[in-house]
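Reading through the structure tokens given below for one structure.
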Amino acid sequence: MIFADLFFVYFFLPLCLALYFATKKIRYRNLVLVVFSLVFYAWGEPKWVFILLISSVINYFAALAIDKNAGTGKAKLFMALVTVWDLGVLFAFKYIGFFMSNIDNWFGLSLPVPKITLPIGISFYTFQTLSYVIDVYRQKVPVQKEYPKLLLYISLFPQLVAGPIVRYSTIANEIDHRKTTLKDVSEGISRIILGLGKKVILANSVGSIVTALFGKAADDYAAAASSTVLGNWYGAVLIAMWYYFDFSGYSDMAIGMGRIFGFHFDENFVYPYICKSITEFWRRWHISLSTWFRDYVYIPLGGNRKGKTRQCINIMIVWSLTGFWHGASWNFMIWGAYFGVLLLIEKLLIGKWLENTKPFIQHLYAIVLVSIGWGIFYFEDFKSLGRFFKSIFGFAPGGFTDLSTNSLFTQNIWLFFAAALLCTPIIPKLKKSLCVSAGWTKAVGMAGIALNLGILFISSMMLVNTTNNPFLYFKF
Amino acid sequence: MDNNRPTGGYESPHKDEYDKMVEQIKAKRKALSTSIWTDEPLLKPEKSIWIDDDEPETPAKKAPEPKREEPKQAKPASDDDPYYAAFISNPVISDSRSEKMAFESTPKNYDDVIMPFINDYSVERKLPDQRRNLSRKPKANAAVDTHVSRQRSEQAQRTRPARAKPQTPPVHKLRSERFFDEEGEPLYRHTPERSSRKRPTMVPASEREENRAKAAASARRASASPLKRPAAASLTKPADKDSPRDPVEKPVPLAVARAQKDLEFFNASICLGAIFVIAAILLVLTILGKREKESESEKRKLAEFPKFSISSLFSGEFTNGITTYFTDTIPGRERFKNVSAGFTNLFGFNIGDVKINGTLKKVEQEKFDENAVTTTKVSINTAPATTTAAPESKKDSSSAADSSSQKSNTNKDEVVKIPENTNEGKMLGNIIVYGSGKETRGLSVSYVNFEMGKRFAEALNKWKADLGDSVNVYSMPCPLSSAFYLPSNMKDQGSDQNENIKNINGNLKGVVGINCVNNLAKHMNEDIYARTDHHWLPLGAYYGTQAFAEAAQVDYPSIDEYTKLTKEGFLGTFYTYSNYDQGIKNNPDTFTYFKPKNIDQVSCTYYDTSFSNKFEPYGTDKSGLFYDGMEGSNCYLSFLGQDSEIVEIKTPCTNNRVLVVFKNSYGNAMIPFLTNSFSKIYVCDYRYFDINGVDFCRKVGCTDLLFAGAISLICSDAGINYINNIRVQ
């Protein structure tokens, strides 16, 4: 099941909320959440829900064992085993095909390349579970002795599929003691609606423009073969906006839903595109992932404590892995390494200069580099990637610009400006600055409520259209 | 400041301490801004260890480390946090609202990015609960006894009297006084490790100085980090040169706080209420069975509730089916789609420019080289059919292949040049639209190319080879309206249909190729194509069929000999394909169709697609040829109705020639004009034909076999496959 779907919003969620708030006892509430989370996951993956369950059981016992043998070599052993299991599961489902096809290519073998459909959310919940066990090993969090509660943590449906990678320490207490105040409900539901709007209204629309400009992986990026210079730049910026609204929309919905249930997740996206440097970008983009890699890969590797060279190597390793986590394809690793290199450059070479230039240059520098990065992220095969790079430097197959690029731009110009506006915190700041008196607060608040309703209705109507499938008599 | 006192008659015995404490806390929060998502105060976080830490860390400086830990860590392990314990024992802050008001402050520095709330302060917010739970938790439940609760209960026993007693410890220092020095620096080291169960160690003064300096340095750094939430140890913000301390924060006025509270209530109730109400309505409607069943604009049946079975459950079909069903059959679906389409139209504007959505694409134009191919002249066998295998030969001998190019295109009159259409065309949805008002016209383009044309011709050649000389085979790919009306700014879209038809004809062997483009071009200014539908109008079908009739050498009366009937309000498929363009909707076509004079002597028999069972059609006129009741968007179904049938038409014509037509929908409009041309006509749709085509032709005594249909369909991969399959199946 996905969040941006009428069935979820108008059946699953109300039912879950109704059952959740029917009781006051936390035990029943947790039970409701676990059941609904498992149903939620099994809805989309009726077979692979068992991997989730098995993984959680293994991690549960491993954490208990590590806790019991805290400080001894046995704990290390269990830690290693559990790491192998978690990463092995991830590898087996996500990367085995990539691995085998590369082996075949490099060594000229023809071993079978398994085609495994990736269970949704596996990257997220494996990392989440692993973070729990590592934290137990490092004695940062108390071990969870009740399996249902651990299962609740792992499978909590707001953050299971695409949500922030929530650390156990964030919600350890809230599993047992949480209270939903009116404020939580109000802000939670506002957040949910905002996330839904971001995903359905903005992300889907912008995404369709991108596929019009560049084509999709499925059709080998056919449309990119006739793209223009401006078209490629426009597309790269649009991809940036598309992924931001898509991803942060889901994160918003996750945080909002968590809020209603009484959980407080950390922010995952904080207006990434107002960053002034790549360093800052990564402090604002997918925060839960970058902190995960920092805490569990970078620091164990030594971080910055083993000299500058080692630090550079560590950074490159970590960023390549970060990129690779996003998908089983070389371009993702290149994307990660691209940012690793940029971060190193910023840190070692141009950091001081960058801090002291005009903000306009800082912003421009950041946006340009980030957009190019998204281009790398989007094109999964090298031919299209090469073509993209040639195009953005002026050698596009379609020339500088053409009719279709111009029209795509004018046809979506208001959407573009609205999306750009919503990438910045201007509106929240405006809202804050207007609330100077009770009267103004009320007015702004009422407007906010009306806006919420509007977003909800428009998103719902646009969701009706997702199954629009006219019997295309033409069969283009 | 006094406004922040809790109202409602609760007179706290610690009024003054409370006020002082509140002041101090506010003072500590001088550089905070508030998030719009929550009203909790935020801290400007520290720089990240991630990248900018220039000084390598030494073990001696472990103290700052806790600051960089995951902020949430403070919370669960904070049960052995001394501040926590102190707070618990301090009953003053018990009203969550007053808590909030105490912590709220107006944003300090608008240049800062509004940081999200990374909630250390939920510690305080949770206090009432914690207190409650603590007192309720004397029983050591082994199963639930985590380390945390153990610690907590220990703490409770250590620091807190029983709940029954009045909660006023005899000598009570303010939390701020117990745990912070005059500068506001923490006195105790924050120890999150659970293994150290000793009392917290004090932070030496020198280190406190250091921390202060460090905090000041980091506070001055430009880039904000949302990650780091300094733990309780650095709650205080030491002297920050950039943002001077504001000792008295402007408190949120009570009225504003009240208004916010009311708004929260309204927001929560209205939004959640909306969701629940809609969910309930949908549920009720589903139970009552009032969901949509089919979509007129999409011309398909909508999804049905999936059948349950263990296998369908495990394959995901059942669950996905439910989700699809839920969305697909929303009551009022058409209206919602219209609104949604209207909304998406607001995304930009059209200055007569092109709207592209990715389905239309530029194609390379191929030009048929008229001199390259030599074709044989095909002679028409006009003999009446016999059912024996050996046909009577009245054939003319086919002439040898000429070296000079002779096209099998029978139109030898002058080629009409199609004038350029200077209107600006725009793409809406999947089609091109130009014009306005009654001139609004939608166009669909064809992507047939020379290679497909060649394969189509070869398919027809095989038919001719199988049927032999006794049967005349005709190829008639009908042009779409875009062959005539394509605006010049769109000329890259789609392939040139005229050239493609010429190419097809050039590849035919023994098959008569018909190109009706010229014939239609002569009458371009008449209503030969629908503006709101992808079909041609009956008048266009007349002119197209005229080309066929000439090639077949049959009688063909003039259009005046037909009875004209008119229906208004024909809104065709382009309404859907243009994403519900209102310009098209408001200017539907006038559907004029023609009945031949001899219609009373025409009789039709309807068979199913295996030609074995007859059935009675419903809604036809006496002849069975016309469905006069069709209206609105169904006007085009006025001839012969649906497509999955075989219709045998007996006409008063006496030339004893039997025509078999394998057609798609374009062919339907042609049939009424052939009632004077062939004695018997068999109309079959090549997509719905279940028996062997060659046998069928022999069985019915076919003398002329016509393949007619819109070029984009009949000459597509699917069409060519059909044509090949029905010959051999």
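The values are calculated or read from the model by the stated rules, or taken from the named source; none is laboratory data. Treat the numbers as computed from the prediction; the structure is a model and nothing was measured. Positions of Cβ are generated from backbone atoms using ideal geometry, with glycine treated the same way; all protein chains shown enter the neighbour counts.
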- Task: Would you please name the residue that is nearest to A:Asn30 (Cα to Cα), looking only at residues in the range A:143-170 that are part of a loop (DSSP other than H, G, I, E, B) and away from chain B (no Cβ under 12 Å)?
- Result: A:Leu156
- From A:Thr405, A:Thr401, which residue is surrounded by fewer than 19 Cβ atoms within 10 Å (Cβ to Cβ), within 14 Å of another protein chain (Cβ to nearest Cβ) and touching a residue at least 12 places away in the same chain (Cβ under 8 Å)? A:Thr401
- Would you mind stating whether B:Ser470 is within 37 Å of the chain's Cα centre (by Cα), within 28 Å of B:Gly693 (Cα to Cα) and outside any helix (DSSP H, G or I)? no
- In the range A:134-191, the residues that are of a type in the set (D, E, K, R), over 29 Å from B:Phe266 (Cβ atoms) and in contact (Cβ under 8 Å) with a residue 24 or more places away in the chain: A:Asp135, A:Lys140, A:Lys145, A:Lys149, A:Arg167, A:Asp176
- Enumerate the helices (runs of 4 or more DSSP H) found wholly within the range A:284-370, keeping only those where 2 or more residues are of a type in the set (Lys, Arg) and without any contact (Cβ under 8 Å) to a residue 60 or more places away in the chain. A:308-325
- Condition met for A:Gly386 (in contact (Cβ under 8 Å) with a residue 24 or more places away in the chain and away from every other protein chain (no Cβ under 14 Å)): no
- Message: Take A:Asp246 and tell me if it is charged (D, E, K, R), outside the structural domain of A:Met100 (by TED's automatic domain parsing), under 17 Å from the mean Cα position of the chain (by Cα) and buried (at least 21 other Cβ atoms within 10 Å of the Cβ).
- Response: no
- In this structure, is B:Ala257 in contact with an Asp or Glu (Cβ under 9 Å, 6 or more places away or on another chain) and more than 7 Å from chain A (Cβ to nearest Cβ)? yes
- Task: Take the residues in the range B:429-463 that are among the hydroxyl-bearing types (Ser, Thr, Tyr) and touching a helix residue (DSSP H, G or I) at 6+ places or on another chain (Cβ under 6 Å), then tell me which one is surrounded by the fewest Cβ atoms within 10 Å (Cβ to Cβ).
- Result: B:Thr440
- Query: Do we have any residue at all in the range A:53-74 that's buried (at least 18 other Cβ atoms within 10 Å of the Cβ) and under 30 Å from B:Ile330 (Cα atoms)?
  - Reply: no
- Enumeration of residues in the range B:597-627 that are touching a Phe, Trp or Tyr at 6+ places or on another chain (Cβ under 6 Å) and at negative phi: B:Tyr606, B:Thr609, B:Lys614, B:Phe615, B:Pro617, B:Thr620
- Could you look through the range B:560-582, keep only residues that are surrounded by 15 or more Cβ atoms within 10 Å (Cβ to Cβ) and not hydroxyl-bearing (Ser, Thr, Tyr), and pick out the one that is modelled with the lowest pLDDT? B:Asn579
- Message: Is it the case, given these coordinates, that A:Val368 is among the aliphatic types (A, V, I, L, M) and closer than 26 Å to A:Lys94 by Cα?
- Response: no
- Task: Might you let me know whether the range A:62-80 holds any residue that is under 29 Å from A:Gly258 (Cα atoms) and among the hydroxyl-bearing types (Ser, Thr, Tyr)?
- Result: no
- Answer residue from the range A:421-450, given it is outside any loop (DSSP other than H, G, I, E, B) and in contact (Cβ under 8 Å) with a residue 24 or more places away in the chain and is nearest to the other protein chains (Cβ to nearest Cβ) among those: A:Gly448
- Query: If you take the residues of the range A:374-383 that are part of a helix (DSSP H, G or I) and modelled with pLDDT under 90, which of them is farthest from the other protein chains (Cβ to nearest Cβ)?
  - Reply: A:Phe382
- Counting only residues that are among the β-branched types (Val, Ile, Thr) and more than 18 Å from A:Met257 (Cβ to Cβ), which one in the range A:171-223 is nearest to the other protein chains (Cβ to nearest Cβ)? A:Thr211
- Does A:Phe417 meet the test of being part of a helix (DSSP H, G or I), out of contact with any Lys or Arg (no Cβ under 7 Å at 6 or more places or on another chain) and either over 28 Å from A:Cys312 (Cα atoms) or not small (Gly, Ala, Ser) (or both)? yes
- In this structure, does A:Leu109 turn out to be assigned to a loop (DSSP other than H, G, I, E, B) and surrounded by fewer than 20 Cβ atoms within 10 Å (Cβ to Cβ)? yes
- For the range A:1-34 the number of residues that are under 23 Å from B:Thr286 (Cβ atoms) and out of contact with any Leu (no Cβ under 9 Å at 6 or more places or on another chain) is 10
- Message: Out of everything in the range B:464-516 that is under 23 Å from B:Thr440 (Cβ atoms) and of a type in the set (S, T, N, Q), what residue ends up being surrounded by the fewest Cβ atoms within 10 Å (Cβ to Cβ)?
- Response: B:Ser488
- Task: Kindly provide the set of residues from the range A:17-53 that are over 24 Å from the mean Cα position of the chain (by Cα) and among the hydrophobic types (A, V, I, L, M, F, W, C), ordered by number.
- Result: A:Leu17, A:Ala18, A:Leu19, A:Phe21, A:Ala22, A:Ile26, A:Leu31, A:Val32, A:Val35
- Any residue at all in the range B:268-288 that is hydroxyl-bearing (Ser, Thr, Tyr), part of a loop (DSSP other than H, G, I, E, B) and farther than 20 Å from A:Asp5 by Cα? no
- Query: Applying the selection to the range B:302-314, what residues are assigned to a helix (DSSP H, G or I), more than 7 Å from chain A (Cβ to nearest Cβ) and either surrounded by 13 or more Cβ atoms within 10 Å (Cβ to Cβ) or under 16 Å from the mean Cα position of the chain (by Cα) (or both)?
  - Reply: B:Ser312
- Message: Can you pull out every residue in the range B:608-624 that is within 40 Å of the chain's Cα centre (by Cα) and not polar (S, T, N, Q)?
- Response: B:Asp608, B:Pro617, B:Tyr618, B:Gly619
